[in-house]
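One structure is given below, encoded as structure tokens.
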Amino acid sequence: MTSLYDATNPNERDPNRFVDAARIPYVVLPPTGLKHAKLGDFATVVNLKNGKIAAAIIADESAPDLQMGEGSIALADELGIDSNPRTGGTGEGVAFVIYGGSGNGKPRALDDINANSRHQFEMWGGIEKLHACLTAR
């Protein structure tokens, strides 16, 4: 179950009510991250090791003590990262660009996520701006 869900589906036990981790690329933010963005906002995630870029939606909230950086199985697959929930993931080399206020607070179709995130990333400045931000640190 994700914190972002389809409120028009009243069945709390229906998996279709929630965002499907295997199908939809999404990020998980800690409560501090949700001060700047909301569930349903868009994001772009970049694997700095292989250059792969993925569109995503903010679909869940992590425990307060966890750092930002969790993602769905579909997101890991898009980024070329091992997506096994038990053994996969990576602890470095991934950058998140979050677009606060960009969503409508509802789950979205994959096509919508891709189109909106791509547009937001281009408007923000794209990969050139991301690299400039990372080298300025």
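Any idea which of A132, A37, I24 is furthest toward the positive side of the dipole for the range 15-135, if Lys and Arg beta-carbons carry +1 and Asp and Glu beta-carbons -1? Toward the positive end, the furthest listed residue is A37. Straight Cα distances below 21 angstrom link K38 to the lysines K106, with same-chain residues fewer than 8 positions distant left out. Sorted into 5 angstrom bins from 0, the C-alpha pair distances of the range 15-135 split as 2, 12, 23, 26, 22, 12, 3, 0, 0 percent. Helical content alone sets the calculated 222 nm signal of the chain at -7000 deg cm²/dmol, taking -39,500 (n - 2.57) per DSSP H segment of four or more residues and averaging over every residue. Helix 110-124 axis versus longest C-alpha principal axis of the chain: approximately 30°, rounded to the nearest ten.
Cross-link partners for K49 among the lysines, with Cα-Cα distance under 27 Å and sequence neighbours closer than 8 places in the same chain left out: K129.
Based on Cα contacts under 8 Å between residues 6+ apart, the range 15-135 shows a relative contact order of 33 percent. Going by the alpha-carbon gyration tensor, a ≥ b ≥ c the square roots of its eigenvalues, is the range 1-65 rounded (a/c under 1.5) or, if a/c is not under 1.5, prolate (a/b greater than b/c) versus oblate? Oblate is the answer for the range 1-65, as a/c is 1.5 or above yet b/c matches or exceeds a/b. Over the range 35-104, the ratio between the Cα radius of gyration and 2.2 N^0.38 Å evaluates to 1.08.
We did not get these values from a lab; they are worked out from the coordinates using the rules stated. All values reported here derive from a predicted model rather than from experimental measurement. For neighbour counting, all protein chains shown are included, and Cβ atoms are generated from backbone atoms with ideal geometry for every residue, glycine included.
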